[in-house]
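Data first, discussion second: the structure below is written as structure tokens.
The values are calculated or read from the model by the stated rules, or taken from the named source; none is laboratory data. Bear in mind that the values here come from a model prediction, so they are computed numbers and not experimental data. Heads up, the Cβs are rebuilt from the backbone with ideal geometry, glycines too, and the neighbour counts pull from every protein chain shown. Accessible surface is based on the protein model in full, side chains and every heavy atom, while ligands, DNA and RNA are left aside. Shrake-Rupley method; radii C 1.70, N 1.55, O 1.52, S 1.80 Å.
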Amino acid sequence: MNGSREVILGRIRRALLRPGTGHAQEHGIPDRVRSTPGRVGATRLFDQFQEHSASVGGEPRVCADIEEALEGIQKLVAGAGYRRVAVSHHEICRRHRLAQVLSDLLPEVSVWREEGDADRPGSRRRNSRQLAQADLSITGADFLIAESGTVLIASAGSSRQISLLPTAHLVLATPDQIYPDLGAVFRQLGTAPEEGRLPAALTMITGPSRTADIEKVLIKGAHGPVRQLTWMIGEET
Amino acid sequence: MNRTPSQFRILASENIADRRLRRTFQSATGHALGQRAQSVQLVPEWEDLRERAHRIKEEAVEHLDFYLEKLEASVIRRGGRVFWARDASEASSYVVDLCRRLQASTVVKSKSMAAEEIGLADALEAAGVQPVETDLGEFIIQVAGETPSHIIAPALHMTRQQIGNLFHEKFGIPYTDIPAELCAFARQRLRREFLSARLGISGVNFAAADTGTIAIVENEGNARLCTSLPRVHVAIMGLEKVIPRFSDLPLFLRLLARSSTGQKQTSYVSMISGPRREGEWDGPEEFHLVLLDNGRSDILSDPRVRRSLYCIRCGACLNTCPIYQRVGGHSYGSVYSGPIGSVLTPLFQGLEAAKDLPYASSLCGSCSNICPVKIDLHHQLLWLREKLVSRRATPWQERLAMSLFAAGMKDPALYRMGSALLRLFLKVSGKSNRPFTIPGWSPTRDFPALAQTSFKQWWESSRQQGEGP
Ligand code: SF4
């Protein structure tokens, strides 16, 4: 807070011909927009997700179970010649003990996971250094948005860098995470997210990083991952 | 290169004469428009969305004091800090002071029109801090010592060969004009900067008052890097970027992505609420939000142009504008170009300093039709023209012609006499085909020839011959 605060607020109130504070109040905006159709099956939604994600260069697929996903990861790593894999702290990775299982499956690859005490600056620095060198990162998701092929990740579950620094980013998702559109996700987050619910960063990821700044030519992998993969584990029951 | 809005005529005619540049702008804007049209078509409720966005912006701007105070309180509650900056120098010195405190010799910066507007990069350099532009387009023009030519694609005016030569000369890498290789070089070079910088600077697309969340929209990932890696993050926003509620974000995100690039969603949207929280793996330890006035409260005081503050900087009005398509972004001599630039620049820098810009429009209204927040841009341009006329800022010849015209239009006898005299004069001088040369007008277009008879004469004679209605 500083001296200009009062000056600026004063100018605004004069400009709006409003003598003092307390005159403005909040009023809701009538929701004129057609509401989105009810929740259709997760499988149908994921079909839609796949279509949109693929259209922007993402690589979505369905895996029947975690075994199939593990097989897929082995192929992915071998195919691209990845040497370093980073696994996030996200619930789905912990549940399947992914880091452990992968180090056993891929002895020639260095598998590393986000662990330790995030509140110690030393651990955080080590984390960053590791991530900067990773070829592939594996994280979970918090929400999937069918309408645009978007993955939404909260900073509470995994770091921001793990989905950003490596060359490729693989998201493991589950059917309960998929929603038709962003509006539905926000309703889930709560219309007025109370203190504490909202993590410091919510990141929406739609396909790989890209740019068209040179003669409008589309290039993948401007600053973030060149490949963005989303695998849905388990069909809807 | 220092261009000013007062040079519009000169710059525009130079740029129109440059055929390569004209082709570049026409094909790029055409491409963007096509993409946009395709993706908008898929949203049947598009018009409803625009209307709703307009009303939300109206709510925010009409109660700006209320929502800004609310935003401030929310950011503070989330552990962030808020700085109110009256003008460019206050905002810049706040950031410079931050650099001093952090002993930062370089800072990484993602795209921010507000930072561009206040000349933050120059201020930092003057203070001995190296600001590194990290958006690919911004990086290119920073290396070239240029200024942006489009809100969304800053290096739109440059060819791949120019960029290849530039990198070859400045960085000593082997010449290449393959875009992917140029991009890969920039990525690698900038990675180093990201990993070592202590301060990251970003812009703000939307700031939700109720949660103190700022949203940053991008495709490359550089804004994510700027806001995740450095120890301190400072975000700079114009006052008008505040929106009432977090729950309004989905609407604006949909409108912005589709309007600017035709994407359903940009590659990345970061929604940031304060600094890193306990237990989180990364994120800045300090979060600063700079609220920039810099003339916005003045714009607010004129209800007729107040709506220009609804702008979400999507760039669609630039792409659709027949003037912008031909003269390009640099002709406007300011950070904001195209129709919205023609409105904002005179308001920010003073009408006299930018008096050609309100005329840089055919008044076709295409900008108003495309605007996702329904700003009536062409009306705003007309009002600015009206202001200029009432301040007698137009040339005396024009004023004379207009007052004669007004007198004639108000008095039928005078009108008849005037047009009869004119016809007689043209007949005698034998110039009926190309009646006048008017400086500034006739070199580029023909003055229409006068009809042989007046409408009234024609009407009466055709009635007599029984041809008329
Ligand atoms: S005035 Fe409207 S169309 Fe132009 S940039 Fe702003 S929001 Fe987009």
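Things to note:
- Residue that is surrounded by the fewest Cβ atoms within 10 Å (Cβ to Cβ) [pool: residues in the stretch A:196-230 that are part of a strand (DSSP E or B) and within 13 Å of the chain's Cα centre (by Cα)]: A:Leu229
- Within the stretch B:290-309, the residues that satisfy the criterion of being in a strand (DSSP E or B) and in contact with a Gly (Cβ under 9 Å, 6 or more places away or on another chain) are B:Leu291, B:Leu292.
- Here A:Asp142 fits the description: among the acidic types (Asp, Glu) and surrounded by 15 or more Cβ atoms within 10 Å (Cβ to Cβ).
- Residue check, A:Ser88 out of contact with any Phe, Trp or Tyr (no Cβ under 8 Å at 6 or more places or on another chain) and of a type in the set (Gly, Ala, Ser): yes
- Total residues in the stretch A:106-121, condition open to solvent by less than 70 Å² (accessible area, probe 1.4 Å), closer than 21 Å to A:Ala173 by Cβ and outside any loop (DSSP other than H, G, I, E, B): 1
- Subset of the stretch B:70-88 [under 27 Å from the mean Cα position of the chain (by Cα) and crowded, with 16+ Cβ neighbours inside 10 Å]: B:Leu71, B:Glu72, B:Val82, B:Phe83, B:Trp84, B:Ala85, B:Arg86, B:Ala88
- Residues of the stretch B:220-247 satisfying the condition of being out of contact with any helix residue (DSSP H, G or I) (no Cβ under 6 Å at 6 or more places or on another chain), facing chain A (nearest Cβ under 9 Å) and modelled with pLDDT under 95: B:Arg245, B:Phe246
- Considering the stretch A:125-139, the residues that are open to solvent by 10 Å² or more (accessible area, probe 1.4 Å) and in contact (Cβ under 8 Å) with a residue 40 or more places away in the chain include one that is farthest from the other protein chains (Cβ to nearest Cβ), namely A:Asp135.
- Scanning the stretch A:145-159 for residues that are within 10 Å of A:Leu182 (Cα to Cα) and open to solvent by 10 Å² or more (accessible area, probe 1.4 Å) gives a single hit, A:Glu147.
- Residues that are among the polar types (S, T, N, Q), surrounded by fewer than 16 Cβ atoms within 10 Å (Cβ to Cβ) and either at pLDDT 90 or above or part of a loop (DSSP other than H, G, I, E, B) (or both) are absent from the stretch B:166-185 altogether.
- Answer residue from the stretch B:319-331, given it is away from the ligand (no atom under 13 Å from the Cβ) and of a type outside the set (S, T, N, Q) and is most open to solvent (accessible area, probe 1.4 Å) among those: B:Arg326
- Among the candidates B:Leu363, B:Leu388, residue that is out of contact with any Cys (no Cβ under 8 Å at 6 or more places or on another chain) and within 16 Å of the ligand (Cβ to nearest atom): B:Leu363
- For B:Ser308: the one exception among (1) among the small types (Gly, Ala, Ser); (2) more than 30 Å from A:Arg14 (Cα to Cα); (3) out of contact with any Ser or Thr (no Cβ under 7 Å at 6 or more places or on another chain): (2)
- Some residue of the stretch B:147-155 being more than 12 Å from chain A (Cβ to nearest Cβ) and modelled with pLDDT under 95: yes
- Failed condition for B:Ala91, given (1) in a helix (DSSP H, G or I); (2) open to solvent by 50 Å² or more (accessible area, probe 1.4 Å); (3) of a type outside the set (Val, Ile, Thr): (2)
- B:Leu256, sole failed condition from (1) in contact with a helix residue (DSSP H, G or I) (Cβ under 7 Å, 6 or more places away or on another chain); (2) modelled with pLDDT of 95 or more; (3) within 16 Å of the ligand (Cβ to nearest atom): (1)
- Yes/no for B:Val217 being in a loop (DSSP other than H, G, I, E, B) and open to solvent by 10 Å² or more (accessible area, probe 1.4 Å): no
- Scan of the stretch B:273-298 for residues that are crowded, with 23+ Cβ neighbours inside 10 Å and farther than 30 Å from B:Thr345 by Cβ, ordered by number: B:Ser273, B:Gly274, B:Arg276, B:Trp281, B:Asp282, B:Gly283, B:Pro284, B:Phe287
- Subset of the stretch B:299-318 that is more than 10 Å from the chain's Cα centre (by Cα) and open to solvent by 10 Å² or more (accessible area, probe 1.4 Å) - its residue that is farthest from the ligand (Cβ to nearest atom): B:Ser301
- Residues that are in a helix (DSSP H, G or I) and more than 8 Å from every other protein chain (Cβ to nearest Cβ) were ranked within the stretch B:73-88; the one that is farthest from B:Tyr310 (Cα to Cα) is B:Ile76.
- Top-ranked residue of the stretch B:369-385 - restricted to ones that are more than 17 Å from B:Ile151 (Cβ to Cβ) and within 14 Å of the ligand (Cβ to nearest atom), ranked as nearest to the other protein chains (Cβ to nearest Cβ): B:Lys374
- Taking the numbered list (1) away from the ligand (no atom under 16 Å from the Cβ); (2) open to solvent by 10 Å² or more (accessible area, probe 1.4 Å) in turn, B:Tyr268 passes all entries but (2).
- Flag for B:Ile141 being in a helix (DSSP H, G or I), within 18 Å of B:Cys226 (Cβ to Cβ) and without any contact (Cβ under 8 Å) to a residue 40 or more places away in the chain: yes
- Failed item in (1) within 16 Å of the ligand (Cβ to nearest atom); (2) in a helix (DSSP H, G or I), with B:Pro154 passing the rest: (2)
Residues checked against (1) part of a loop (DSSP other than H, G, I, E, B); (2) more than 9 Å from chain B (Cβ to nearest Cβ); (3) closer than 28 Å to B:Ala184 by Cα:
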| site | (1), (2), (3) |
| --- | --- |
| A:Ala99 | no, yes, no |
| A:Ser123 | no, no, no |
| A:Ala156 | yes, no, no |
| A:Ile162 | no, no, yes |
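- The set of residues in the stretch B:122-137 that are under 19 Å from the mean Cα position of the chain (by Cα) and open to solvent by 10 Å² or more (accessible area, probe 1.4 Å) contains only B:Asp135.
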